[in-house]
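So the structure is just underneath, and the comments pick up after that.
Derivation of every value follows stated rules applied to the coordinates shown; laboratory data play no part. These numbers come from a predicted model, not from an experiment. Heads up, the Cβs are rebuilt from the backbone with ideal geometry, glycines too, and the neighbour counts pull from every protein chain shown.
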Amino acid sequence: MHPRKAILPDATHIHDLILHYSPDGTLLPRNMAELCENVRDFYVVEDGDEIIACGALHLYGPHLTELRSIAVSPEHKGKGAGRLLIEALLIEAEHHHVQCVCLFTRLPDFFAHFGFSIARRENLPDKIYKDCLNCPRLHACDEVAMIRGELPDYSILADSYTSAPPLTKISFA
């Protein structure tokens, strides 16, 4: 098994992995057009010539990046593909000199092994304005926000969403 940067022909495999975890809300669905546009954000893990895991590093700015769309094929869970993937994504984040890496997960214990700690969603407004406001689970979110690094003290996206409700009025379950 080895991780590598994704290339455009991988988009179909990435789509299939994400699609497996989308119906129950574990992952937000991503369409092929979106995956093709953002394939440079993705890493994949290969076992032989089979793609068995994927994940993306979404850059908001020097203050924040997000690990997202993390998926390991069910047949390969527990065999180290997730660890290889997260390590590769964190190396990429370090390459970009990002102050803080965030993620939202239902598996906080797994990510704690990589130095992530629990954070308040409200302290990650870029993530909220990028994805959460359009999520069907906005007011019934069961994911845990986690960070690694120094929590940002500013936001890039919140200022550009002038029609969105103020952040302090967004409540999470």
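Mind ranking 90-103, 17-30, 62-75 by how tightly packed they are, going by the mean number of other C-beta atoms within 10 angstrom, highest first?
62-75, 90-103, 17-30
Would you calculate the volume per residue, in Å³, of the smallest convex hull containing every Cα atom of region 1-60?
Working: hull volume 5.0 nm³, N = 60.
Expressed per residue, the convex hull around the Cα atoms of region 1-60 is 83 Å³.
Amide H neighbours of ILE70 under 5 Å, at least 5 residues apart or on other chains, H built in the peptide plane: list them.
Those qualifying (amide H under 5 Å, at least 5 residues apart or on another chain) are ALA56.
Could I have the simple spin-label model distance between MET1 and LYS79, label points 7 Å from Cα toward Cβ, reported in nm to one decimal?
Computed distance between label sites MET1 and LYS79 equals 0.7 nm.
Quick one: Debye curve from the C-alpha atoms of region 43-134, no solvent, what's log10 I(q)/I(0) at q = 0.15, 0.23, 0.25 Å⁻¹?
-0.60, -1.25, -1.39
Over region 1-105, with a single point scatterer placed on each C-alpha, what log10 of the ratio I(q)/I(0) does the Debye formula yield at q = 0.10, 0.19, 0.24 1/Å?
Ignoring solvent entirely, the Cα scatterers give -0.24, -0.91, -1.40.
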